[in-house]
Every structure is written in structure tokens, then in C-alpha cells.
Amino acid sequence: MSDINGTVVSYRNGIISVLAALPFVSLTGLFGKFLSHSPLLIVQGRTVFAFGALLLALLILRKKIIFSNYREWLRLILCGIILAVHWIAFFKSIQVSTVAIGLLTFASYPLFTTFLEPIFFHEKLSKRNVSAVLIVICGLALMATSPSDNSGSILSGSVIQGVLWGLGGGLGFALLTLLNRGHVRHHSPLLLTCWQNGFAAMVLLPWSLSESWVLSTADWALLFVLGVVCTVGGHALLINGLRNVRAQTASMLIAGLEPVCAIVFALFLLGEVPSLQTLVGGILIVSTTVFMITRSE
């Protein structure tokens, strides 16, 4: 009985950790829109700030910062590359279209996670999760076609580009989530987040050197918030939650609730009032996500 209670508590803590990551992750798209620079420059600045903050924290806490196994380093390098590509695709989607399209198409990543997780971990594909993903897609479709989005015709070139870049970012995040699930059971979330950002910054450095780094004080401040607050806070909490929560469940939580949180932030920070259609889509997403939490595992 104590083992069962311990499992329930661990799972509940994992859910809380994933939910705590939501505000940080949801703010990312808004801050990214405020920065009128290339996605490459934004991601380079973000990863450098995140890596520096995490490395300093690990040194202050006197935590382990080096891996002895070369395979661990290879996996971290791979995660860093995927992380860099994911973020570039995400910000590119927002810049060529809108924040709504970037967030809503990125939210497709549970589709990739749901069907890739059984391949990665030889687990049975959950029919309930597949059904829930389809319901979430319906909610996202309602939000995406809401009159408040002002994103223009779905056939316009910018929208199509935004959707394709957003789907690419979703695939990248799904792969990163699955790789982290197998990695986080043996290492600190802070350590993993630190080196993944570090390698992402290293990979992008040769290309970002050609960028114009003449930034205003406000731009540097936004990059700091994006790198330290959103990245370190959000991804460390998410990775920590993967200790006790399946990647499919974490994907449902983030993808289902992140657009809703972003709409709330946009309401208070940008004065954007959501339409009734957007609210209906959000209710559909939240109710499905809550059902998944109560029924999962």
C-alpha cells in the first residue's frame, strides 16, 4: 500500500511540476514577438543567457557539472541541436505569421509524441491519448479560426509558412521531450537544461556571428527574461516533471493549456480580448486536459 501511495504522490508531484512550467513557456511567444530580430539571433541570445545562469547556479550549489560517459555527452549534443532547431522554427513561425499561429501549430507536438513514444520506449499506444489529441485539435482549430486572430486567409503564403514552421517546431519539441524522458531519470534537470542550452548556443555560434548585434537596452532585457526566466524556469520544471510523468501526458498538458495561458497573458499584457469562439475552444482544451490528468496512469 505504501508503494502505491508513493507512486501516486510522485505522479502528482510530476503533474504539479509540469503545470508550474506553463506560465514560463506561455510567455515565450509574447516576448519573442517583441524582439524585432532574426530567430537565429533571438535563440542565440536566449541560449547564452540560459547556459550562463544555469552554469552559475550549478557552481554555487556545488553540483555535478561534468559527465564521465561520452555517450551522455553525445546525447546532450543531439538534444542541443534539436533544441536550437526547435526554437528557430518556433520564432520563425511567429515572425512570418502571428503569435496565435506559432503557438497553435507548435501545440501539435503531442501528435508526434503520442505516435513516437511507443517506438522510443516500446510502450503500448494509448487509444485514450489518441482520442484526446483529436479533441484537442478540434479545440485548437476553433481558436485558430477565431475572428480575433486577424491572421488572414488560411490560404495566404504567410499563414502557410507559419503553419509549416510551427509544425517543424512541434516535431522538434516532441523529439526533445522523448530524449529527455530517458535522460532525466539519471541526472539533475538543471544539469541537463544547462548543457542542452550550452550546446545549442555552440552549434548556432558560427552562423550568429554574421548577425547584427546592435541591440537596445530593452532588447537585451527581453533576451535576459527569455533566457533566464522563461527558458531556465520553464524547461527545468518540465524536465523535472518527466521523472514521474509519461511524455504523452506532459505533452497533453503543455499543448492543451499553453495556448489558453498565452491568451490570458495577451489579454493583460497586450489588451487582446478573446472572442467567444476562442473561449469555447479553450474550454474544450482545458476540459480534455483535466480529464486526461484524472484518468491517466
Item to complete: Between residue 212 and residue 186, take the C-beta separation as r, use R0 = 41 Å, and let me know the FRET efficiency to the nearest 0.05.
Response: 0.50
Worksheet item: Tell me, what is the percent relative contact order of the chain, built from C-alpha pairs under 8 Å that lie six or more residues apart?
Response: 39
Discussion item. Using alpha carbons only, how many angstrom separate the centre of segment 70-116 from the centre of segment 21-68?
Written reply: 15
Worksheet, complete the sentence: Extension length gain for residue 125 and residue 71 (0.36 nm per residue less Cα distance), in nm, is 16.6 nm
Discussion item. Can you order the peptides 126-132, 231-237 by their average number of other Cβ atoms within 10 Å per residue, highest first?
Written reply: 231-237, 126-132
Worksheet, complete the sentence: Most exposed first, judged by fewest Cβ atoms within 10 angstrom, 105, 113 run 105, 113
Response to the item:
To the nearest 20 debye, segment 2-295 has a Cα-centred charge dipole, built from +1 on Lys and Arg Cβ and -1 on Asp and Glu Cβ, of 840
Worksheet item: At what distance in nm do the modelled label points of residue 202 and residue 10 sit from each other, each positioned 7 Å from its Cα along Cα→Cβ?
Response: 3.2
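We did not get these values from a lab; they are worked out from the coordinates using the rules stated. Quick caveat: nothing in here was measured; it's all calculated off a predicted structure. Every residue, glycine among them, receives a Cβ derived from its backbone with ideal geometry; neighbour counts consider all protein chains shown.
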